[in-house]
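Okay, so here's the structure we're looking at.
Values in this text are rule-based calculations from the coordinates and carry no lab data. Predicted model only: the values in this text are computed from it and were never measured. Positions of Cβ are generated from backbone atoms using ideal geometry, with glycine treated the same way; all protein chains shown enter the neighbour counts.
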Amino acid sequence: MGQLMSAEFKNRKNLFIPYLMAGDPDPGTTIEAALALEEAGADVIEWGVPYSDPLADGPVIEQAAIRSIAQGMNILKAVELAGRAREQGLTIPVVLFTYINPVLATGESLLVEKAARAGIDGLLIPDLPYEESGGLKRLAREHGIALIPLIAPTSRKRVKKIAGDSDGFLYLVSSLGVTGTREQFQEDLSDIIREVNNVTDTPVAVGFGISKREHVKKFHELADGVVIGSALVRFLHERRNKLNGSERNSVLAELKQFVRELIS
Amino acid sequence: MNPLLKFCGIKSETEFRKAVHTKADFIGLVFARSKRQVRPEEAAEWRRKIQVPAGVEIAGVFQDADRDEMIRAALEIPLDIVQCHGSESPEDLEVLKKEGLKVFKTIHHEDGAAGKMADFARFADGFIIDTKTPEGGGAGVRFDWEAVPSYREEAERLGKVCLIAGGITTDNTDELKAYSPPGIDVSSGIETDGIKDEGKMWTMTAKVKQTYSFPDQLGRFGDFGGKYVPETLMHALTELENAYEDVKNDPAFYRDLHSEWASFSGRPTPLTFAGNLTKEVGGADIYLKREDLNHTGAHKINNAIAQAILAKRMGKSKIIAETGAGQHGVATATAAARFGLSCKVFMGEEDMRRQELNVFRMELLGAEVIKVTSGSRTLKDATNEAIRHWVTHVGDTYYLIGSAVGPHPYPLMVRDFQSVIGHESREQMTEKTGRLPDHIIACVGGGSNAIGMFYPFIDSEVLLTGVEAAGKGTETDRHAATLTKGVRGVLHGSLSYLLQDEGGNIQEPYSISAGLDYPGIGPEHAHLRDAGRVTYEAVTDREAMEALKLLSETEGILPAIESAHALAAAVKTAAGKKTGETVLVCLSGRGDKDVHTIKQYEEERDE
């Protein structure tokens, strides 16, 4: 059974959940960056599958996906890459972040089997809302994998049914829009979080737009965790040239430092 | 549940023969004094000659007739139902009932008339609610349909059949249906120049009796469709579903819509017999449904007007749309201008370059064209970007999707709004040729003109063919033949067939026609193909361009390159059919927008 399905995970607080795009800037870096993030204190890793039409994502992740696809990355290779990261010592839970079409193209059963074998603990699919998720959720549960549900500021009456049948953690979208850094968070999430806590003990992690220490602090007080995506993807992309040369280790050290400061 | 349907005032053997096969539940013969009066002997002769399908009941309409006369006629003709249309008493009905006859009683609408139903309930099996006129009703005048629910409720309480009569026509059926009538009784509304019109009868049954009932509650057409969107949009889709349900039940919406279609867009569009083309091809007669004669030059405006009215009713002041070639963008910009809404159109940078004039046209109409530079910079990316914008501004923004694609309820709404094409065609073909066409052909990109044309014929025997773009050929990788070559997958919110690679990434389609250049297809087409109801074939750039020239030269009609794909298939189909058979083509748009592309194609070919 995956780590996200354990009773112990439900009690976790102050979760820090970084996102990496598998294969960007290259597969080796994805593994090493994941190991560095674990060392710096990450609790879960979101393992991004590149997709041609990522309509929940902003330009930073979309561009990363295009680069990754151009290098030949795809969903099954991303799953294999996660398996290799496990072999190289990654121990924290891994959540495969993918759109639904690559899952369907692979076949839901095949994908879930391969993911379980690669040591993947969760699946997060931003374009698979609650109503369409029943079949895959059952399949994932059979393999000890958590299908992570999303809740948005517009979910309203839907919050109860989504949270009431949730595994792993709940991904609460911070604000209207797509992924990518934001300066301001206008939505008041406290009501939604309270509502979630009334129906489930599944932890709540807030994502979309989080890039600074003050954001992390704010949402750690409000919820049980934060997800950081675009800021890290951009961090690695901006240092892609250094990663190819003698400065590779110093970039990875810088990444750890960046994360430690975020969660300090 | 579908309302019951009665075709009344059948007055000749020919009419009787046609009417009994139109899926009406009741056929009414008038024995009372009327311009539609028939003699019992005639009726008896028709019944002897013509087999009435199981489930169809024949009603005889009498007005204050002698009891024995009614009984005799009912037994001799025979009649399944005796309808008492005058001031018969409950005692009169009791006598008929004792003879083992089924009895309907007409109630003339007036204040409190629903209460009278109970007086007859012991002996009547059903009621006809008709307008009260000095002559005693049957005058083809409608009453205030606000009262329909009160009759329905009373009939339900009493457990009786109830049919609404008076002034119902094929044009106001949708409006009446909004009041959920338990049954509809129509007479003059299915006549043209005093004769029962088979086209109108079929239109009426198509409108009243849909046995095909997709999508289901979850927005599924069989396996296909659904709602695959980010959670942020789910509430907006529910809101849209509810708003659409509301307008479906609101007669004022249909009045507005039909009035705009007529006075602003020029509907109904004509049906043209392509006599010269037919002669040239040899074989079946080719007819063209002229959607090219709509305002803005294509069928797209039908849907844009309807959704703009809906947006306005929902209190949304901003409209966004995606566009490939610019036709839907122009239609949306037009509707936005007409209804005083602000409009942003998302368009790929590559398409903006290819369709520079349409960009200018949209701007002239007051829309803002937003350049999309992500991905392949074409329609699919414009759609992604429109969805991203919608996610961010979902509170005040209405996303006006132009094809029969996207998450539920879009494929349903677009189909319903575009069905005006098929409904008009049914009537026009029957009027012109006396029957339905043998074969209907329409081009398919996302599939909105095709589904609008096909939908009213789905329950019929008519052969239906959708034509995809084969581009440079389906054996190459330069095509847009989604059903011919695609596999199942999710794009832009619904499950259908897609052009994609092994890893599930969407592949860039190709066609000379920008309107067919889409890697997906509406989910209902995927269902209709897999269910075997519609066949789909693919036509190359070259075949389409040849058909375009042929129609231009033989008929003086320059079709859009999209529509030319349907024509190319129709020419082949017609050639293989017998003289006297008919092929109907949906000419979805005019080719004026394509002149530049056509010229370029000819020049490249000549090199």
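Order by neighbour count: B:Met352, B:Met314, fewest other Cβ atoms within 10 Å first, most last.
Working: B:Met352 19, B:Met314 16.
Sorted ascending by nearby Cβ count, the order is B:Met314, B:Met352.
Rounded to the nearest Hz, the phi-derived 3J(HN,Hα) couplings of region B:527-543 under the Karplus curve 6.51 cos²θ - 1.76 cosθ + 1.60 (θ = phi - 60°) are 5, 5, 5, 5, 7, x, 7, 10, 9, 10, 9, 10, 10, 7, 3, 5, 4, where x marks glycine and proline.
Residues whose amide H lies under 5 Å from that of A:Gly23, counting only those 5 or more places away or on a different chain, are A:Thr30; hydrogens are built 1.01 Å from N in the peptide plane. Checking the Cα-Cα distances for A:Lys114/A:Lys217; B:Lys132/B:Lys432; B:Lys23/B:Lys248; B:Lys472/B:Lys549; B:Lys289/B:Lys578 against a 26 Å cut-off, the pairs over it are A:Lys114/A:Lys217; B:Lys132/B:Lys432. In this rough spin-label picture, where each label sits 7 Å from Cα along the Cβ direction, the A:Lys157-A:Glu214 distance is 3.9 nm. Considering only beta bridges that DSSP places wholly inside the protein assembly as shown, some 15 percent are antiparallel. If R0 equals 25 Å, the separation of the Cβ atoms of A:Asp188 and A:Glu131 corresponds to a calculated FRET efficiency of about 0.45. Computed from Cα positions, the angle between helix B:148-158 and the longest principal axis of chain B comes to roughly 60 degrees.
I'd like the FRET efficiency for B:Val141 and B:His596, computed as 1/(1 + (r/R0)^6) with the beta carbon distance as r and R0 of 41 Å, rounded to 0.05.
On the way: r = 54 Å, r/R0 = 1.32.
The computed FRET efficiency comes out at 0.15.
Under a model in which nothing but the beta-carbon of Lys, Arg (+1) and Asp, Glu (-1) is charged, region B:1-133 shows a dipole of about 540 debye around its Cα centre. Taking Cα atoms, how many degrees apart are the long axis of helix B:251-260 and the longest axis of chain B, rounded to 10 and kept between 0 and 90? Taking the Cα atoms of chain B, the angle to B:251-260 is about 50 degrees.
Placing unit charges on each Cβ (+1 for Lys and Arg, -1 for Asp and Glu) gives region A:3-263 a dipole about its Cα centre, and among A:Gly245, A:Asn14, A:Leu35 the Cα reaching farthest toward its positive end belongs to A:Asn14. Measuring between their Cα centroids, region B:8-72 and region A:170-201 lie 67 Å from each other.
Placing dummy labels 7 Å off each Cα toward the beta-carbon, the span from B:Ala252 to B:Asp396 is 2.5 nm.
Listed from fewest to most Cβ neighbours within 10 Å, the set B:Ile50, A:Ile69 follows the order B:Ile50, A:Ile69. Within chain A, the selection of entire DSSP H helices by a Cα span of 15 Å or greater along the long axis and an average Kyte-Doolittle value of at least -1.0 returns A:27-40, A:59-70, A:75-87, A:248-263. Amide H to amide H, with H built 1.01 Å from N, B:Ser494 comes under 5 Å of B:Tyr228, B:Gly406, counting only residues 5 or more places away or on other chains.
Amide H to amide H, with H built 1.01 Å from N, B:Val372 comes under 5 Å of B:Met347, B:Gly348, B:Glu349, counting only residues 5 or more places away or on other chains. Across chain B, the relative contact order, built from alpha-carbon pairs under 8 Å that are at least six residues apart, equals 12 percent.
Assign unit charges at the C-beta atoms only (+1 for Lys and Arg, -1 for Asp and Glu), then state the dipole size of the protein assembly as shown relative to its Cα centre in Debye, rounded to the nearest 20. Walk me through the numbers on the way to the answer.
Working: 101 positive and 127 negative charges, 118 e Å.
Charge dipole of the protein assembly as shown: 560 debye, to the nearest 20.
Place a point 7 Å from the Cα of A:Leu222 along the Cα-to-Cβ direction; which residues of region A:189-204 have their backbone N under 15 Å from it? Zone members listed by number: A:189-197, A:204.
As an exercise, use a Förster radius of 51 Å and the Cβ-Cβ distance of B:Glu553 and B:Lys49 to find the FRET efficiency, rounded to the nearest 0.05. Could you put the intermediate results ahead of the total?
Values: r = 49 Å, r/R0 = 0.96.
Here the calculated transfer efficiency is 0.55.
Across region B:55-70, rounded Karplus estimates of 3J(HN,Hα) from the backbone phi angles (6.51 cos²θ - 1.76 cosθ + 1.60, θ = phi - 60°) give x, 9, 10, 9, 10, x, 9, 10, 10, 6, 8, 5, 4, 5, 4, 5 Hz, Gly and Pro being marked x.
Based on other C-beta atoms within 10 Å, arrange A:Arg240, B:Arg590 from fewest to most. Could the numbers behind the result be given before it?
Values: A:Arg240 14, B:Arg590 20.
Result, fewest neighbours first: A:Arg240, B:Arg590.
Can you tell which of B:Thr170, A:Leu232, B:Asn303 lies farthest toward the positive end of the dipole of the protein assembly as shown, using +1 and -1 charges on the Cβ of basic and acidic side chains (Lys, Arg; Asp, Glu)? Most positive-ward Cα: A:Leu232. Backbone phi angles across region B:114-128, fed through the Karplus curve with coefficients 6.51, -1.76 and 1.60 (θ = phi - 60°), yield HN-Hα couplings of 4, x, 5, 4, 4, 4, 9, 4, 5, 10, 9, 8, x, 10, 10 Hz in residue order; Gly and Pro are listed as x. The angle between the Cα long axis of helix B:198-208 and the main principal axis of chain B comes to about 80°, on a 0 to 90 degree scale. Computed from label points 7 Å out along Cα-Cβ, the spacing between B:Lys472 and B:Gln217 is 5.0 nm.
Provide the gained length on full extension for the span B:Asp80 to B:Glu461, in nm with one decimal, where the gain is 0.36 nm per separating residue minus the Cα-Cα distance. Provide the component values of the computation, followed by the final result.
Values: separation 381, 0.36 × 381 = 137.16 nm, distance 2.86 nm.
The B:Asp80-B:Glu461 span can extend by a further 134.3 nm.
Here chain A is treated as a sphere whose radius is the Kirkwood value from Cα pairs; by Stokes-Einstein at 4 °C and 1.567 mPa s it diffuses with a coefficient of 71 µm²/s. For B:Asp351, the shell of other residues with beta-carbons less than 11 Å away shows a net charge of -1, using +1 for Lys and Arg and -1 for Asp and Glu.
Can you give the calculated 222 nm mean residue ellipticity of chain B, where each DSSP H run of n ≥ 4 adds -39,500 (n - 2.57) and the sum is split over every residue, rounded to the nearest 500 deg cm²/dmol?
Values: 24 runs with 242 residues, N = 607.
One gets -11500 deg cm²/dmol as the mean residue ellipticity at 222 nm.
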